[in-house]
Amino acid sequence: MHDTTGTKIFRITTITLLSIFTIVPIYVMVISGLKPLQDVQGAFSWWPSTLTIQPYIDMWKTVPLADYFVNSVIVSSVATVLSLIIAIFASYAISRYSFRGRTIFSTTVLSTQMLPGVLFLLPLFLIFVNINTNFGLQLVGTRTGLIITYLTFSLPFSIWMLAGYFNGIPRELDEAAKVDGCGPMRALFKVILPTARPGLVAVAIYSFMTSWGEVLFASVMTTDANRTLAVGLQLYSTQTNVYWNQIMAASVVVSIPIVIGFLLLQKNFVAGLTAGAVK
């Protein structure tokens, strides 16, 4: 009984501390976005002397945030769709077929996750420059180049997780589909994918979140015309001033799509992530 009570106290204390650690920064961000600039630049207070929504209005004028929002939506959505499509076929092949180099391919895909993303920055940049020099295809400073860049580090994890999920789906379902006259592709789309919905949702959310909040590659691979939100937030800091209240307001707006998507698909995401990692 004593151990049970101690365990309960430990859990409550841990959850409380983690909640405070998570909620306090969010509260500061939200409340700072409702303060006048002079209040944010002055001594910190937990409650503003004056509440105002002006930062949420001015943030669209200080920098072209709407254009950056559109760029982020396009890049993240396309990268997510392509990552999901490629990962489905690659994972299905790894899970259901035996072929030469299968183990090497699977190991290579997984091993790329051990390397920090910054190591790929210079090689990708040089590859894109050489492609432009030799073939006349401009990738640096374009949405296409950024999408390809995001695929390089979202695909390995997506393939690994989906392959694990597909491995957990009984092969008897494939055999039953073949008995009903389904070929491999039809069995994949009619039987496997509906069963693997949680895994697909987890991969989609992971790919979108990775692309939406990425800063390093976007700061190098984009120009003023196709800059994304994560990079655009830096422009609220100028040589003469830092618009902290607008930065906080913009950060709230930037977080909304991710929060809504996660809340709507939370059950599928957790189920898919757990199953894909364990099976």
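The residue that is surrounded by the fewest Cβ atoms within 10 Å (Cβ to Cβ), counting only those in the stretch 170-209 that are without any contact (Cβ under 8 Å) to a residue 12 or more places away in the chain and acidic (D, E), is E172. The residues of the stretch 79-114 that are of a type in the set (A, V, I, L, M) and more than 15 Å from T210 (Cβ to Cβ), listed by number, are I85, I88, A90, A93, I94, I104, V109, L110, M114. Selection of the stretch 39-73 for residues being touching a Phe, Trp or Tyr at 6+ places or on another chain (Cβ under 7 Å), modelled with pLDDT of 90 or more and among the hydrophobic types (A, V, I, L, M, F, W, C) yields V63, A66. Among the residues making up the stretch 46-105, those that are of a type in the set (S, T, N, Q) and farther than 30 Å from A196 by Cβ are S49, T50, T52, Q54, T62, N71.
Listed here are the residues, each with its yes/no results for (1) in contact with a helix residue (DSSP H, G or I) (Cβ under 9 Å, 6 or more places away or on another chain); (2) at pLDDT 85 or above.
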{"residue": "A93", "(1), (2)": "yes, yes"}
{"residue": "S106", "(1), (2)": "yes, no"}
{"residue": "M114", "(1), (2)": "no, no"}
{"residue": "F120", "(1), (2)": "yes, yes"}
{"residue": "L124", "(1), (2)": "yes, yes"}
{"residue": "N130", "(1), (2)": "no, yes"}
{"residue": "F153", "(1), (2)": "yes, no"}
{"residue": "A163", "(1), (2)": "yes, yes"}
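Do you know which residues across the stretch 48-65 are open to solvent by 30 Å² or more (accessible area, probe 1.4 Å) and assigned to a helix (DSSP H, G or I)? Of everything in the stretch 48-65, those that are open to solvent by 30 Å² or more (accessible area, probe 1.4 Å) and assigned to a helix (DSSP H, G or I) turn out to be Q54, Y56, I57, D58, W60, K61, T62. The conditions of being open to solvent by 20 Å² or more (accessible area, probe 1.4 Å), β-branched (V, I, T) and in contact with a Leu (Cβ under 7 Å, 6 or more places away or on another chain) are met by V220. Listed conditions (1) within 25 Å of V252 (Cβ to Cβ); (2) over 24 Å from the mean Cα position of the chain (by Cα); (3) among the hydrophobic types (A, V, I, L, M, F, W, C); (4) open to solvent by 30 Å² or more (accessible area, probe 1.4 Å) are all met by I31, apart from (4).
The values are calculated or read from the model by the stated rules, or taken from the named source; none is laboratory data. On a predicted model such as this, the values are computed, not experimentally measured, just so you know. Every residue, glycine as well, gets a Cβ built from its backbone with ideal geometry; the counts of neighbours run over all protein chains shown. Surface accessibility is based on the protein's heavy atoms, side chains included, excluding ligands, DNA and RNA. Shrake-Rupley method; radii C 1.70, N 1.55, O 1.52, S 1.80 Å.
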